[in-house]
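Novice: Submitted below is the structure of interest, expressed as structure tokens.
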Amino acid sequence: MASLSELILEKVNERSCVDTLTLSTLLNEDHQKVIGAVKSIQIFGDIIKVEQISTKLWELTEEGKEVSLNGSHEALIFNNVPLEGIKQSDLMSSVPNAKVGFSKAMSKGWITLDKSNGMVTRKVNEINDEVQEHLKCIVTKEDHKIPANLKQDYKKRKLLQEITVKSFNISKGTQFSLTLSKPETDLTPDMIASGAWKTKSFKPYNFNALGVPPSCGYLHPLLKVRTEFRKIFLEMGFTEMPTNNYVESSFWNFDTLFQPQQHPARDAHDTFFLLEPKKSEKFPLDYLERVKSMHSKGGYGSQGYGYNWNIEEAQKNLLRTHTTAVSARMLYNLAKEGFKPMKYFSIDRVFRNETLDATHLAEFHQVEGLIADYDLTLGDLIGVLYEFFKKLGITKLNFKPAYNPYTEPSMEIFCYHEGLQKWIEVGNSGMFRPEMLLPMGLPEKVNVIAWGLSLERPTMIKYGYNNIRDLVGPKVDLQMVQDNGLCRLDK
């Protein structure tokens, strides 16, 4: 049995040119199915030429279909009037669409109404239901028999509607054939060896085709949010600090920050200490002596901690627990080179011996900003924080007093989360203590304001993750990395 495509080719061969609507009638197939077959023929090359055309057709509405089957509204009215007549009220309740039918039957002179008694009687013995006959012509596709003015009248009565049908004129192409053979897409060694290529038809190269897109890398959500944070800092005039040393000595990570050697954070259950190399040996000796003196004896109006500071404790190597160790190095170098007001920031990994759960990892990112200038106050810190978080799209801030070994005063930062409808902690802040700054050699009137927050928490909020392990670690779905959207923190 010939396929629909082959039947279409036979009709094109017989008629030279035929449209798909005619083909649909000749082959007794749905028009859309015929169009699909035509498009499949085009795949085989220039077998046929196809030209799109638009044709306006008339079709029956739902009400028109009812009339074509049962008769027009006026004919129904006439047929329901008995020879002896009928009360108008009874007639109107016995026929659907009686109002329209009564009016049309009256205007055609089929019935009459005696207003004195409300009786409706026939004026003629029989009628010709022209409306029903015309609508049947639509069904039989003989709408040419209906005068144009009557078509418009039926359209107003919502019995007919005019539609535009898109079809195609089909004619023979340069490679016309009654059989379909798919062109070859590759020239194979077997074709060359056997000579079969001489009788094959080949699909032409499409030099405009884009081809298969090459696989490429995708940015992780953390990197997207990190980029937004970095843009904000740069917009505010900050300089990025070098943070490529994950391994620090306890001296730079704790001691320079005026954190006592007996502090719990310096225990193995909170910090990752290295076994090899276990210790650092190179320190700026004059600065080391000043730090030692500040811890054990105090100075600059501070009494210090009053314990015997141990160089061996300061030499222990560890994975840095915060990027503030980098800030200490930068401030020391700034004092050494000659102080000038500066604004620094950093975004990089830190490591802590945490118990893993839905909101904690053993390594995470710290976002840190600091400003060093003369006579800075807590009011300056609060003002900068409002401006910084405003650029993140956060305008509702609250501050709570807190304790940090190296900042005084210190404040925890809370923002109001509109989605969760509650206040959540987003960071920490404070003013670096004189016990930390003055041993570095910074002028006495220089103050440093600083703040820090994690990168993971705002990323989880931005992308809707409840478990940090879905964002970082071996359980991460790589498809998530490809599918996540752009990051706009102010939106």
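Novice: Just to confirm my filter: which helices (runs of 4 or more DSSP H) fall fully inside segment 129-199 and include at least 2 residues that are within 30 Å of residue 11 (Cα to Cα) and out of contact with any strand residue (DSSP E or B) (no Cβ under 8 Å at 6 or more places or on another chain)?
Specialist: The qualifying helices (runs of 4 or more DSSP H) are 130-139.
Novice: Here is a further query. Tell me, which residue of segment 24-41 that is buried (at least 16 other Cβ atoms within 10 Å of the Cβ) and closer than 18 Å to residue 177 by Cβ is modelled with the lowest pLDDT?
Specialist: 41
Novice: Would you pick out the residues in segment 227-268 that are aromatic (Phe, Trp, Tyr) and in a loop (DSSP other than H, G, I, E, B)?
Specialist: Residues satisfying the conditions are 238, 246, 254, 258.
Novice: Would you mind finding the one in 225, 212 that is open to solvent by less than 70 Å² (accessible area, probe 1.4 Å) and of a type outside the set (Phe, Trp, Tyr)?
Specialist: 225
Novice: Then there's this: Suppose we filter 361, 378, 370 for residues that are over 31 Å from the mean Cα position of the chain (by Cα) and buried (at least 17 other Cβ atoms within 10 Å of the Cβ); which single one remains?
Specialist: Unique residue meeting the criteria: 370.
Novice: Now, a different point. What do you reckon, is residue 54 open to solvent by less than 50 Å² (accessible area, probe 1.4 Å) and either touching a residue at least 24 places away in the same chain (Cβ under 8 Å) or in a helix (DSSP H, G or I) (or both)?
Specialist: No: the conditions fail for residue 54.
Novice: Condition first: open to solvent by less than 50 Å² (accessible area, probe 1.4 Å) and touching a Cys at 6+ places or on another chain (Cβ under 8 Å). Now tell me which residues in segment 386-400 satisfy that.
Specialist: 389, 394, 397
Novice: With the requirement that a residue be modelled with pLDDT of 90 or more, hydroxyl-bearing (Ser, Thr, Tyr) and crowded, with 19+ Cβ neighbours inside 10 Å, what does segment 244-280 give you?
Specialist: Within segment 244-280, 249, 250, 256 meet the criteria.
One line per residue, one yes/no per condition, for (1) buried (at least 16 other Cβ atoms within 10 Å of the Cβ); (2) within 30 Å of residue 65 (Cα to Cα):
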{"residue": "105", "(1), (2)": "yes, yes"}
{"residue": "114", "(1), (2)": "no, no"}
{"residue": "124", "(1), (2)": "no, yes"}
{"residue": "134", "(1), (2)": "yes, yes"}
{"residue": "154", "(1), (2)": "yes, yes"}
{"residue": "157", "(1), (2)": "yes, yes"}
{"residue": "178", "(1), (2)": "no, no"}
{"residue": "188", "(1), (2)": "no, no"}
{"residue": "196", "(1), (2)": "no, no"}
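Novice: Please name all residue pairs, on different chains or six or more residues apart, with Cβ atoms under 9 Å, provided the first residue is in segment 194-208 and is more than 18 Å from residue 45 (Cβ to Cβ) and the second residue is surrounded by fewer than 10 Cβ atoms within 10 Å (Cβ to Cβ).
Specialist: 196/190
Novice: Scan segment 1-23 for residues that are assigned to a helix (DSSP H, G or I) and open to solvent by 70 Å² or more (accessible area, probe 1.4 Å) and jot them down.
Specialist: 10, 14, 15
Novice: Within segment 64-79, identify whether any single residue is farther than 30 Å from residue 134 by Cα, of a type in the set (Val, Ile, Thr) and open to solvent by less than 50 Å² (accessible area, probe 1.4 Å), and answer yes or no.
Specialist: So far as segment 64-79 goes, no, none of its residues is farther than 30 Å from residue 134 by Cα, of a type in the set (Val, Ile, Thr) and open to solvent by less than 50 Å² (accessible area, probe 1.4 Å).
Novice: A follow-up question, please. Somewhere in segment 423-432, is a residue out of contact with any strand residue (DSSP E or B) (no Cβ under 9 Å at 6 or more places or on another chain) and either modelled with pLDDT under 90 or aliphatic (A, V, I, L, M) (or both)?
Specialist: No, there is no match, as no residue in segment 423-432 is out of contact with any strand residue (DSSP E or B) (no Cβ under 9 Å at 6 or more places or on another chain) and either modelled with pLDDT under 90 or aliphatic (A, V, I, L, M) (or both).
Novice: Using the structure shown, decide if residue 166 is under 16 Å from residue 57 (Cβ atoms), under 49 Å from the mean Cα position of the chain (by Cα) and open to solvent by 100 Å² or more (accessible area, probe 1.4 Å).
Specialist: yes
One line per residue, one yes/no per condition, for (1) assigned to a strand (DSSP E or B); (2) charged (D, E, K, R); (3) in contact (Cβ under 8 Å) with a residue 24 or more places away in the chain:
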position: 318; (1), (2), (3): yes, no, yes
position: 330; (1), (2), (3): no, no, yes
position: 336; (1), (2), (3): no, yes, yes
position: 340; (1), (2), (3): no, yes, no
position: 344; (1), (2), (3): yes, no, yes
position: 366; (1), (2), (3): yes, no, yes
position: 369; (1), (2), (3): yes, no, yes
position: 372; (1), (2), (3): yes, no, yes
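Novice: I need the full set of residues from segment 182-197 which are at negative phi and of a type outside the set (A, V, I, L, M, F, W, C), in order please.
Specialist: Across segment 182-197, the qualifying residues are 182, 183, 184, 185, 186, 188, 189, 190, 194.
Novice: So, in segment 136-152, exactly how many residues are open to solvent by less than 90 Å² (accessible area, probe 1.4 Å), among the hydrophobic types (A, V, I, L, M, F, W, C) and farther than 18 Å from residue 100 by Cα?
Specialist: 4
The values are calculated or read from the model by the stated rules, or taken from the named source; none is laboratory data. Treat the numbers as computed from the prediction; the structure is a model and nothing was measured. Ideal geometry is used to build each Cβ from the backbone, glycine not excepted, and the neighbour counts take in all protein chains shown. Only protein heavy atoms, including side chains, enter the accessible area calculation; ligands, DNA and RNA are left aside. Shrake-Rupley method; radii C 1.70, N 1.55, O 1.52, S 1.80 Å.
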